[in-house]
Amino acid sequence: MSDLAWINAALTAARPQAVGALLRYFRDLDTAEEAFQEACLRALKAWPQNGAPRDPAAWLIMVGRNAALDGVRRRARLTALPPEDRLSDLDDAEALAAERADQADYRDDILRLMFICCHPDLPAPQQIALALRIVCGLTVPQIARAFLVSEAALEQRITRAKAKVAAGAASFETPGPAERSERLAAVMAMVYLVFNEGYSAAGAPERAQLCDEAIRLGRLLLRMFQTEPEVMGLLALMLLQHARRAARFAADGSAILLEDQDRRLWDRERIAEGLALIDKAMRHRWPGPYQVQAAIAALHARADRAEATDWAQIDRLYATLERLQPSPVVTLNRAVAVGKTAGPQAALAMIAPLAERLGGYFYFHGLKGALHLELGETAAAREAFGRAIALAGTPAEAAHIRQHLDRLAADHAPAADLSPPPMSARP
Amino acid sequence: MLYALLCYNAEDVVFSWSQAEDDAVMARLAVVQDRLTKAGKLGPALRLLPTTAATTLRKSDPPLVIDGPFAETKEQLLGFYVVDCENLDEALEIARDLGKANPGGAYEIRPIRLFLPGGPVGAATAAAEPQGT
């Protein structure tokens, strides 16, 4: 790795902290971002000559702040002076030392920066785009490629999102414990949205990058909230799911079910980290939805063969999740486990009441078809798969169902199963 | 004399490397490691998972289990090597070579007082296996 690559990694790592602090000073996202950009340009000039500073984030905050102030002063000659309060306590000479001392402030800065992206008026795609741009520092072309939209469209999406955010900016006061915990919950949901955006179509490498960014944000959150079991659960969940990436799609792009995946392709390093985190989280005896989902993913990860999966324990965990977070999708997932432990008939009975609410859901019909197939009820299976294929959201999903239908057409009925994806932002 | 070369680096920076950058660093380190292995100087070498996966046992009474690393510092212990060297100069030389392959951070060179090579644990630990492709 060249010096330049190392500096780029250092700038990326320092970004949430630096932009977060600059946002606290200037109380304006665009000014904070411009100040950070300017500081990065100066770092690229200064660091190769002088070496990287001991605390890159503090350096960037100081330099970015001064650069932005110079800009403000220059413009001030042409326009009226800005109100004093807008500049807050900027001429504090000991700022650098103070910055270094106050890690707690940093934590609230980063949390605020991430929280801004979770504005309730922002639809999920805008939240994700904003977080990737502002917190992760991905460029507009990078994000546009991940979303498969034009750069112009993406630019517009971000501009609109920023306008909404500016109108209802998060409070700049130091949050109290209750507010901090609310912010953390919203930010965790946003990070998981970013992850799911990448996970749902992880066949494309541009998409998979979103999973890596979400995991990076998860590690950042956990460094700030080291004792929060749900943050451990969220990070564990993302790592365990992303570990299966190389095994999830066939060469032709069709989805490969968990049961049929080549487990040797699973990323052992991510699994080890995920398992360590869920073990840590469960010691706290304070269960939450992310921990329970991570615990389920951990049981899959611990099984070296599909047949070794502890379905009874998975069933119990889904029952816990139904209590914590009641949803027909959770029940649908639980039915997969019930199908393994009590048989397909019991699973069909469990999902029957969901027909009304999940009638438009691909995985409902996919699972139903697979259960009928297992019972040898080919006509019912064909009908369910027919509905599923009409509701498929991605070519990979459609290709998978197509294989079932083709086999049925060939009048050959292997054991089959179609598990819903891990709980996501889907209906 | 056995020395431990303790690898410290800013974890948030190292975990911001792209996969390609990470692979490049590991490939360059492998060159140095191969040379040391051939010279019979390299003992166990390992890379640690991030501190967020760590747990600390504080030896209070009763012992207290806490989350995260022991101390809050800018740079974290991310891995270490055990090398067999004539003297400090040689250990420093090896650390310099490793340092050229691995940007940023620092190596703490500590003479080893007691070394127990242990049994074949590497075969049983999943994370230590080479990555599948």
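Things to note:
- Helix-derived mean residue ellipticity, 222 nm - over chain B, DSSP H n ≥ 4, -39500 (n - 2.57), to 500: -9000 deg cm²/dmol
- Separation of alpha-carbon centers, the stretch A:229-297 and the stretch A:22-52, rounded to whole Å: 36 Å
- Per-residue Cβ neighbour rank within 10 angstrom, fewest leading, A:Arg75, A:Arg27: A:Arg75, A:Arg27
- Computed extension length for A:Glu383-A:Ala167: 72.8 nm, one decimal, from 0.36 nm per residue of separation with the Cα-Cα distance subtracted.
- Among B:Arg58, B:Arg35, B:Arg96, the residue with the largest mean-square fluctuation in a Gaussian network model of chain B, with springs joining Cα atoms closer than 10 Å, is B:Arg58.
- Angstrom value of the Kirkwood radius, inverse mean 1/r, which spans all Cα pairs in the stretch A:1-40: 10.5 Å
- Inter-chain Cβ neighbour average for residues B:51-58, partner chain, 10 Å: 5
- Rg to Rh quotient for the protein assembly as shown, alpha carbon positions, Kirkwood Rh: 1.00
- Equivalent-ellipsoid semi-axes of the stretch A:107-195, from the Cα gyration tensor, Å, largest first: 24, 13, 10
- Per-residue extension of 0.36 nm, minus the Cα-Cα distance of A:Thr227 and A:Ala306, leaves a gain of 25.1 nm for this segment.
- Centre separation in Å (Cα based) which lies between the stretch A:340-414 and the stretch B:50-88: 50 Å
- Computed extension length for A:Glu259-A:Arg160: 31.4 nm, one decimal, from 0.36 nm per residue of separation with the Cα-Cα distance subtracted.
- Least to most buried among A:Leu299, A:Leu4 (fewest other Cβ within 10 Å first): A:Leu4, A:Leu299
- Nearest-ten-degree value, helix A:56-78 long axis tilted from longest Cα axis of chain A: 60 degrees
- In the protein assembly as shown, lysine pairs with alpha-carbon atoms under 25 angstrom apart (chain gap of 8 or more, or interchain): 9
- Qualifying trypsin sites (Lys or Arg not before Pro) for the stretch A:252-303 [loop in DSSP, other Cβ within 10 Å: at most 14]: A:Arg285
- FRET efficiency estimate (nearest 0.05) - Cβ-Cβ, A:Ala178 to A:Arg283, R0 22 angstrom: 0.30
- In plain terms, chain B is cut at each of the chymotrypsin sites (Phe, Trp or Tyr not before Pro) found in a DSSP loop with at most 16 other Cβ atoms within 10 Å, and the longest leftover piece is B:1-69.
- Sorting A:Ile7, A:Ile215 from the fewest to the most surrounding beta carbons within 10 angstrom yields A:Ile7, A:Ile215.
- Label-point separation in nm, B:Ala27 to A:Ala124, each point 7 Å along Cα→Cβ: 3.8 nm
- Note on chain B: the C-alpha convex hull projects to 9.9 nm² when averaged across all orientations.
- Gaussian network model of chain A, Cα within-10 Å springs - most flexible of A:Leu60, A:Leu122, A:Leu239: A:Leu122
- In chain A, the longest principal axis of the Cα atoms and the axis of helix A:229-242 are about 60 degrees apart.
- Degrees, to the nearest 10: A:362-374 long Cα axis against longest axis of chain A: 30 degrees
Computed from the coordinates by the stated procedures, all read-outs in this text should not be read as laboratory data. Values in this document were obtained by computation on a predicted structure and should not be read as measured data. We place every Cβ from the backbone using ideal geometry, glycine too, and count neighbours over all the protein chains shown.
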